[in-house]
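Comments concern the structure below.
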Amino acid sequence: MADAKLIKTLLDIGLNEKEARVYLAALSLGPTSILKLADEAGIKRTTVYSVLEALRLMGLITVELRGFKRRYVASPPSALRSLLFNRLATFDDSIGDFMTIYNMAGGGSVIRHYQGLAATRGLYEELLASVRAFEPYCVLTDLAKWQSLEPTFFKSFVKRRARKSLKIRILSTHSKLALARQMQDREHGAQVRILPKNMTVNTNLVITPHYLAFHQLVPPFDAILLNNKSVIGVQMEMFNALWQSSMPDKLAASRTSRPR
């Protein structure tokens, strides 16, 4: 049962079944020979040679020379993380090419509905994949509520978003997190302004040149993604007006401290 679970994990990472079985066999045997690997993995010896070469190219197998004998050694399981990271990096490099041929729905305006927190991760990934460097990314939100929904995912999302060099502007309700983010706006690649203390926001609104997204910050946490250019334009104008009427805390502080 344990082996079946581990094999499934390796298949999910991208190994095929023979590669997964040989890697697990090498992990359990330690430095070993082709013959023992083939026997432990239940694969023909002639097949194991090509499987080992594939694993070696992935960085999951190394070869030791002991005199005239060759021994095959599995890399530690942490190497699987590196393999996965490299594959994700390759995917990230190609995502722009995928997006150029991506047809959201064959033309026209489309509304997508995402139900539940797990589904909304896909919404944020789509938003992030669709924007290019120096494009606007505007948010009206309650940062404290938003980040508390899925702290690990959203912290990672913020860091990945910052690396895209977007023109990020965030209007957030007043909270300790929002104030901290305002002080760290360069680190997060965003300008943050704080809304009046008596204002409540229960929806995370995201506006980009390509999409308009509404994500509920209270149960049932559903979200909607819209690609209508006219609606996006109107929402962007409204956001700009609200942005201009809001005042950065630093400026507000300097004005209140100015002698009368």
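The values are calculated or read from the model by the stated rules, or taken from the named source; none is laboratory data. What you see is a predicted model, and the numbers here were worked out from it, not measured in a lab. Counting neighbours? That spans all protein chains shown, and the Cβs are built from the backbone with ideal geometry, glycine included.
Among the residues of segment 22-41, is there at least one that is touching a Leu at 6+ places or on another chain (Cβ under 6 Å), without any contact (Cβ under 8 Å) to a residue 60 or more places away in the chain and aromatic (F, W, Y)? Among the residues of segment 22-41, at least one is touching a Leu at 6+ places or on another chain (Cβ under 6 Å), without any contact (Cβ under 8 Å) to a residue 60 or more places away in the chain and aromatic (F, W, Y), which makes the answer yes. Among the residues of segment 46-62, just one is closer than 13 Å to S82 by Cα and of a type outside the set (A, V, I, L, M, F, W, C), namely G59. Has segment 222-240 got any residue that is aromatic (F, W, Y), at negative phi, modelled with pLDDT of 90 or more and touching a Ser or Thr at 6+ places or on another chain (Cβ under 7 Å)? The answer is no, given that none of the residues of segment 222-240 is aromatic (F, W, Y), at negative phi, modelled with pLDDT of 90 or more and touching a Ser or Thr at 6+ places or on another chain (Cβ under 7 Å).
Among the residues of segment 155-197, those that are in a helix (DSSP H, G or I) and either surrounded by 16 or more Cβ atoms within 10 Å (Cβ to Cβ) or among the aliphatic types (A, V, I, L, M) (or both) comprise F157, V158, R161, A162, L177, A178, L179, A180, R181, Q182, M183.
If you check R121 against the conditions, is it assigned to a helix (DSSP H, G or I) and either surrounded by 14 or more Cβ atoms within 10 Å (Cβ to Cβ) or on the phi > 0 side of the Ramachandran plot (or both)? Judged against the criteria, R121 is a match.
Summed over segment 207-245, residues that are under 20 Å from K167 (Cβ atoms), aromatic (F, W, Y) and either in contact with a helix residue (DSSP H, G or I) (Cβ under 9 Å, 6 or more places away or on another chain) or part of a strand (DSSP E or B) (or both) total 1.
The residues of segment 62-80 that are surrounded by fewer than 15 Cβ atoms within 10 Å (Cβ to Cβ) and more than 17 Å from E19 (Cβ to Cβ), listed by number, are E64, L65, R66, G67, F68, K69, R70, S78. Pairing each residue of segment 167-178 that is closer than 16 Å to L217 by Cα with any residue that is assigned to a loop (DSSP other than H, G, I, E, B) and β-branched (V, I, T), provided the two are 6+ apart or on different chains, yields C-beta distances under 8 Å for S172/V201; T173/T200; T173/V201. Scanning segment 159-179 for residues that are among the aliphatic types (A, V, I, L, M) and closer than 15 Å to P209 by Cβ yields L166, I168.
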